[in-house]
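Values quoted throughout were computed directly from the atomic coordinates according to the rules given, and no laboratory measurement underlies them. Note that the coordinates shown come from a computational prediction; the quantities given were computed from them, not determined experimentally. Every residue, glycine as well, gets a Cβ built from its backbone with ideal geometry; the counts of neighbours run over all protein chains shown.
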Amino acid sequence: MRKLLTIVAATVVVVVLVAAVAVYLFFSGDGMRSALEQQASTWLGQPVKIKAARGQLFPRPGIGLSGIEVGEPVQLTLADVDLSTDLRALFSRRIEDARIVVSDSTIQMPLTISLPQESDASTTGPATSGSGVEIVSIGEISLRNVSIRSRGREVKVSADSSLKGNHLTLRSFTAESGSTSLQVDGEADLEPRVDAKLRARANKIDLDELLALADAFSPNRPAGQRQASSSPLTMKLAAQISADSATAAGVQLSKLAATMTMDGDRFALTPLSFGLFGGAYEGALNGRLGESMSVTLQSRLKGLDVAQLAMFGGSPDTVTGTLSGEGTFSANGADMSAALANATGKGSATIVDGTIKRLDLLRTVVLFFGRPAPDTAAASDKFERIDTTFSLAKQVFRADTFAMRSRDADITGSATLALASQALDGMVDLMLSKELSAQAGTDLARFTRENDRIILPANLGGTIGQPRITINALAAARRGIQNEIQRRFKGLFGR
């Protein structure tokens, strides 16, 4: 009995080995490689070339392919593809419940390769070739070091996912480009178009880079031609994004949180929040990608450190305080930098409890009238509050209304700030404090006094780093004469 069992066991082992060798030889033959090339070319509607096909037995029976090139010119280069499948399906010349690992490969976008429509599959049945090999299903797909390139941009991805019908489940997905690294999971329907819902996390995100990537990977369109409303959109995406730090237009951000949506060439980050310059931002970003990027930004700022903001703007050690404000801005350009250069918009801002270095230039106002008294306190750099409503166009901020309260003077008027040169220009009225008004030593002081404070017209110039205020003597004299005439008329009528 033992001898019989031994013979049976040996026979089974031999049969399994023979079957394994047969499977190996079947999938390693040049005929199999040619059959797969033919089938894939027919299925994708593009020429497919496979350099080599080899059989594998462990951990699951299957095949390994290398040197796959798809398209003419080549758009898809797959260096290594390992495909394993059910053993019984292999004996029936079927690839069923497959698992695929793609490594060290390159995809050139935009792809002109399209998969067969579901209606085609229902008409022709499962994909087959003259060799009788049938692709039934692909259950899992893994990517290892795959580069996706488009218009000079590159993203390296790795992923573990599963595919059931047209539904893709991303268990893990990592994308790296430049300084941006994202870890993503979520789900997507691939037909009738890509419709994805994702969660993305990162230690650091470069938003300029993300927008450039989105533009680089958006579909090509002829200049001036927009997609017809009846045409199917390429992709719909909704993603929850979070990052410990981020950069946007060179600004360092912290604790970024946003809901990102893309629908064709339209995108939105709303709501969008992050920390910057010691304060907080809340708002929304909406835009459209294409040959020219268009962006609309709604923003609310709270508690920003003005000293940090001035340092970022290239004017360190010039101004301090705490900034809050809001505004709406629009921009158009070939990229984010160009769009920012063309930005327009309106807003309002308030700065409280700050200083403007070299504000003691206001001290020269008193010297306009005469030498101040010896016991007069030194002029101060401090201000209590600045309020302004402004507009932005052609890289120039225009303060349509400007009001500042300080110990030495209250200033009201309008001014402009050219971002490129940081040049200041404006006309303001200076209402000197009671203390400084009392030091004026000429008759002109009496002429320009209203109640117990002197008001002077002045010109604002210089730069944000070196502001300059000069008294408009002619306007001051004219105003003083008008005031004196009015006082004398009042005196006459009063008698």
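Miscellaneous remarks
- Long pairs among Lys49/Lys156; Lys302/Lys394; Lys346/Lys394; Lys164/Lys236; Lys164/Lys204, criterion Cα-Cα beyond 21 Å: Lys49/Lys156; Lys302/Lys394; Lys164/Lys204
- Gln38/Thr77 FRET efficiency (R0 25 Å; Cβ-Cβ; nearest 0.05): 0.80
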